[in-house]
Structures are given as C-alpha cells and as structure tokens.
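These notes are about the structure you will find just below.
The values are calculated or read from the model by the stated rules, or taken from the named source; none is laboratory data. The structure presented is a predicted model; accordingly, all values stated were derived computationally and were not measured. All Cβ positions, even for glycine, are placed from backbone atoms using ideal geometry, and neighbour counts span all protein chains on display.
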Amino acid sequence: MPEGHTIHRLAARHAELFAGDKVLAASPQGRFAEGAALLSGSVLEATEAYGKHLLHHYAGERILHVHLGLYGKVTDGAGEPPEPVGQIRLRLTSDRHWLDLRGPTACELLTPPEAAALRARLGPDPLRADADPQRAYARISRSSTPLAALLLDQSVVAGTGLIFVTEALFRAGLPPTLPGRDLTRPDWDALWADLVELMTLAVATGRIDTVRAEHLPEAMGRPARVDRHGGEVYVYRRPDHPCHVCATPISRGTIATRNLYWCPTCQA
Ligand SMILES: [Zn+2]
C-alpha cells in the first residue's frame, strides 16, 4: 500500500494540474457515475493529503475523498485523455490535463462535516504542519500494544506504513515489540522528528531512503538494493541479510498480521 508521502505527492500534483480550473468528471466504469455527475463542472480550489487519504476541495463545498488502498492507481497527462482502458473509476479532465483513477478502496463525495469527521479519526500526520505529536503520544503511552502496531494504526499516526515504521524503529534502536507505555517521552520526540525527516525526504524524491550516508552502498562498497520500492533501507524486506551497522542477520516476524523486520542486536 502506498505510504503517506505518495498521497502528499499526489495532492501537490493534482493542484498543479487542475487548481483554479473547471474540471469535468466522469466514471467510465460506472461505479462513481452519480458522484462524478455531481462534481462535474466544478472548479478545483485546493487539494489536501491527510495520512493515506486524498481530498480535492471543489467550489460549492464539494469534497472528493480518495483512498487508494492496496490496488488504487492514478495516472495523468497533458492534453486530450487516451481512450478509456480497463476499470476507470474516475476520470477528470480540464482544458489542459486529464487524470484517471483505477481500483481505489474509496472514491466518494464528502460534506465538510464528513471530511472533518475523517480528519478527527486519524492520528497526527508527520507531513502536515498542523500535526500534534502529543496526541499520538497520549495514545501510545497508555497502551501495552507493541510500538510497531501502534505506529501502523492510522488512528495513532496517519500516513506511516510498514517501511517508514520498521525503518524509523531501526534508526531509533527500539525493538518493534516494545510496549507503547514503555516508550519514554524523549524517545517519542526523537522518533517523531525522524519520521518527519524521512517522510519529508520521501515527498521530495518519490522514494523511501532511510540509510545514513556512512551506510550507503558506495560508502560500504556493497551492491545497491534491488527492489520495486527503490531506495536504500536498513531492515525492510531484508530478512537474513546482514545488518548494515553490525552484520547480524535481520530478523522477520509478524505483529497484528503484518510482516516486521528488525535487527536483534541494534534493536535489542
Ligand atoms: Zn544491527
């Protein structure tokens, strides 16, 4: 599933393509025909990302909510759109650009109170200027749930997925199984600051890189990572490979049905 940086990039991209323009909406596949008809002809005023949720704000208080889920994909381009191929839930077109949305978990219109309710059920998003990390710590510090599971819970922190969570825990030297209530306030402050840094970098580059300069392939004389996610990481999907820091084989386990990766030495 795309992590929060991808959604923030989409929000910025969609503002670049359509903001200030009248947008025509259609649902070639038909499953969003009614919503598209209500939306069509409205001017896009602003876009917003909150965690893994994308919002388009149109004139007349119309709000489009998209959650890509596991399979959602967005494509776009300039000029005339291509002939519709496959299951296009939503197609947006303006005089200048087009955009196709396929396979989302959610594609719906929200009223302003419904959008407010959506934001209210999400934890702070490290990529948002209005994020309050204290809200997340209040939840974490009174829970016996493993820290990794808490950080993956979108109502605790929004936008973080498996890569950011496993990598930030490695960088912090914290075991993923640490009960939330055992996380100290200084450790939380450092972990939050690191998530902000890693995720902000990912928004800029479009990939997740978490490896410090001294552990990069060229610095260590090791081959670069080959993975469809791109980016250099310490533990994510590196089971049994030597830790870049201490050479201990990386462990794999599951928490709350999610695969987890950690270094048993660096994160003891
Ligand atoms: Zn290690």
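Test ARG228 against the criterion of being basic (Lys, Arg) and modelled with pLDDT under 95, and give yes or no. In short, yes.
Residues ALA202, ALA219, ALA158, ALA168: which one is more than 21 Å from HIS8 (Cα to Cα) and among the aliphatic types (A, V, I, L, M)? Lay out the reasoning, then the answer.
On the way: ALA202 fails: more than 21 Å from HIS8 (Cα to Cα); ALA158 fails: more than 21 Å from HIS8 (Cα to Cα); ALA168 fails: more than 21 Å from HIS8 (Cα to Cα).
Just a single option satisfies the conditions, and that option is ALA219.
One residue stands out in the stretch 231-268 among those that are crowded, with 16+ Cβ neighbours inside 10 Å and in contact with an Asp or Glu (Cβ under 8 Å, 6 or more places away or on another chain): the one that is modelled with the lowest pLDDT, namely GLY231.
When the test is whether a residue is under 20 Å from the mean Cα position of the chain (by Cα) and within 16 Å of the ligand (Cβ to nearest atom), VAL203 does not pass it. Considering the stretch 62-86, the residues that are loosely packed, with under 12 Cβ neighbours inside 10 Å and over 23 Å from the mean Cα position of the chain (by Cα) include one that is nearest to ALA129 (Cα to Cα), namely ALA78.
For the stretch 221-261, a residue qualifies if it is more than 9 Å from the ligand (Cβ to nearest atom), of a type outside the set (Ser, Thr, Tyr) and within 16 Å of LEU169 (Cα to Cα), and the qualifying residues are GLU232, VAL233, ARG237, ARG238, PRO239, ARG252, GLY253, ILE255, ARG258, ASN259, LEU260. Out of all the residues in the stretch 77-124, which are closer than 30 Å to GLU197 by Cα and in contact with a helix residue (DSSP H, G or I) (Cβ under 6 Å, 6 or more places away or on another chain)? Residues satisfying the conditions are GLY123, PRO124.
Could you check how many residues of the stretch 176-188 are in a loop (DSSP other than H, G, I, E, B), without any contact (Cβ under 8 Å) to a residue 40 or more places away in the chain and within 18 Å of GLY253 (Cα to Cα)? Let's see the steps before the verdict.
Step one: filter the stretch 176-188 for residues in a loop (DSSP other than H, G, I, E, B), giving 176-178, 183-184.
If we keep only those that are without any contact (Cβ under 8 Å) to a residue 40 or more places away in the chain too, we end up with 178, 184.
Still in the running and within 18 Å of GLY253 (Cα to Cα): 178.
Summing the residues that are in a loop (DSSP other than H, G, I, E, B), without any contact (Cβ under 8 Å) to a residue 40 or more places away in the chain and within 18 Å of GLY253 (Cα to Cα) in the stretch 176-188 gives 1.
Put simply, of ALA136, ALA149, ALA116, ALA168 the only residue that is without any contact (Cβ under 8 Å) to a residue 12 or more places away in the chain, on the phi < 0 side of the Ramachandran plot and either assigned by TED's automatic domain parsing to the domain that holds LEU64 or not in a loop (DSSP other than H, G, I, E, B) (or both) is ALA116.
When you check LEU198 against the structure, is it part of a helix (DSSP H, G or I), touching a Ser or Thr at 6+ places or on another chain (Cβ under 7 Å), away from the ligand (no atom under 16 Å from the Cβ) and not β-branched (Val, Ile, Thr), yes or no?
Numbers: part of a helix (DSSP H, G or I): yes; touching a Ser or Thr at 6+ places or on another chain (Cβ under 7 Å): yes; away from the ligand (no atom under 16 Å from the Cβ): yes; not β-branched (Val, Ile, Thr): yes.
Judged against the criteria, LEU198 is a match.
Hey, does the stretch 104-115 have a residue that's among the β-branched types (Val, Ile, Thr) and touching a Leu at 6+ places or on another chain (Cβ under 6 Å)? The answer is no, given that none of the residues of the stretch 104-115 is among the β-branched types (Val, Ile, Thr) and touching a Leu at 6+ places or on another chain (Cβ under 6 Å). If you go through the stretch 169-228 and keep only what is closer than 19 Å to ALA138 by Cα, among the aliphatic types (A, V, I, L, M) and in contact with a Pro (Cβ under 6 Å, 6 or more places away or on another chain), you end up with LEU169, LEU195, VAL196. Selection within the stretch 215-235: residues that are of a type in the set (A, V, I, L, M, F, W, C) and in a loop (DSSP other than H, G, I, E, B). The member of this set that is nearest to the chain's Cα centre (by Cα) is VAL233. Look through the stretch 164-175, keep the residues that are of a type in the set (A, V, I, L, M) and within 16 Å of GLY253 (Cβ to Cβ), and return whichever of them is surrounded by the most Cβ atoms within 10 Å (Cβ to Cβ). Filtering the stretch 164-175 for residues that are of a type in the set (A, V, I, L, M) and within 16 Å of GLY253 (Cβ to Cβ), the one surrounded by the most Cβ atoms within 10 Å (Cβ to Cβ) comes out as LEU169.
Of all residues in the stretch 28-63, those that are within 16 Å of LEU17 (Cα to Cα) and assigned to a strand (DSSP E or B) total 13.
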